[in-house]
1. What residues qualify as long-range amide H neighbours of Tyr37, i.e. H under 5 Å apart, gap of 5 or more or another chain, H built at 1.01 Å from N?
2. Short version: ³J(HN,Hα) in whole Hz for each residue of region 229-244, in order, from phi by Karplus 6.51 cos²θ - 1.76 cosθ + 1.60 (θ = phi - 60°), x for Gly and Pro, what are they?
3. Would you mind ranking Phe16, Phe205, Phe5 by Cβ crowding within 10 Å, fewest neighbours first?
4. Could you work out the helix-only [θ] at 222 nm for the chain, with each DSSP H run of four or more residues adding -39,500 (n - 2.57) and the total divided by the number of residues, to the nearest 500 deg cm²/dmol?
5. Considering only the other residues whose Cβ falls under 10 Å of the Cβ of Ser73, what net charge follows from Lys and Arg at +1 and Asp and Glu at -1?
6. Going toward the positive end of the dipole of region 181-239, with +1 on Lys and Arg Cβ and -1 on Asp and Glu Cβ, which of Gln196, Leu226, Gln239 do you reach last?
7. Determine ³J(HN,Hα), in whole Hz, for all residues of region 171-183 in sequence, where each value follows from phi through the Karplus function 6.51 cos²θ - 1.76 cosθ + 1.60 and θ = phi - 60°; x replaces Gly and Pro.
8. Give the order of Tyr75, Tyr166 when sorted by the count of other beta carbons within 10 angstrom, beginning with the fewest.
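Each value in this text was obtained by applying a stated rule to the coordinates, not by laboratory testing. From a predicted model like this one, the values you see are computed outputs, not experimental measurements. Cβ placement follows ideal geometry from the backbone for every residue including glycine, while neighbour counts extend to all protein chains displayed.
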Amino acid sequence: MPIKFRSTPVSEPLTFDSIGNSWNQEDLSRPEGYPLYHYLQTEKGTGRITIQGKKYILNEGEGVLIAPFISHSYYRQTEEWMTSFATFTGVIESSISTMLGNRQVIFIEKEQGTKISALIANVMEKYENPPVDVKLLSIDCYCMLMNFVDGIYTNDLINDPLYQRYIDPVIKEIETHYDMELTVQELSGQVFITPQYLSRLFSRFLGCSAYEYLTTYRINKAKEFLLIYPRMKVEDIAQRVGFLDASHFIARFRKITGITPLEFRKLNRSYS
């Protein structure tokens, strides 16, 4: 049951935080979701996955990519359920959602799953022959993510008129001006709807409220600053990502990641 975890600081644009195959998958429940984008694919047997209350079956060769902090659980449907998986990180981790069309869940069918299985096996082989070239791993990570980029366009939600009219322009505004004093009130006003309706649309399409999306985007940008600029003060990073109060920034960072900004920076230094 091979599984590999990242053992170096996050210095590449994109990389695997963990990856594995031939894994005897156990039942598990994550009411608060997982803190990174992660992919699960059935190698043998059948599993049932519940995502935000909706149940799906993963047959052999089928997989699913789930965004951070999306509630889910796994249960085996057959006596033996073997899986492969990967979790994704990197200094531009916050750009993954944009790459994926801001989708929270992407299902992969067997044909595409065969390609992803081959990529995972190739990465696992590289880990078996150290030293591992972290730049090549970053390229492999990007190539794997591109499989999910292909997959998003098979779903019609991204072309929904409500998404195009209200969600897409708000996301672009957040990505462009996250460092400014944005509020849900202001964002909803730009597309001429109420804050409550905007948040309902975000929940429908992205699985989170508009405020949660804005806050998570800012925290992900803060992670980049913490790693790219190791001498930059936390107070300055807070301002750079749109928080006027450093204490509020630290509290939100800890609530989302489970650790403080300085602990995050120290943790990612400790691997060197």
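1. Amide H to amide H, under 5 Å and 5 or more residues apart or across chains, Tyr37 pairs with Phe88.
2. So the Karplus estimates, Gly and Pro as x, are 10, x, 9, 6, 5, 4, 4, 5, 5, 4, 5, 5, 10, x, 9, 7 Hz.
3. Phe5, Phe205, Phe16
4. On the way: 10 runs with 117 residues, N = 272.
For the chain, the value works out to -13500 deg cm²/dmol.
5. +2
6. Selected residue: Leu226.
7. 4, 4, 5, 4, 5, 8, 10, 4, 7, 9, 7, 7, 10
8. Tyr75, Tyr166
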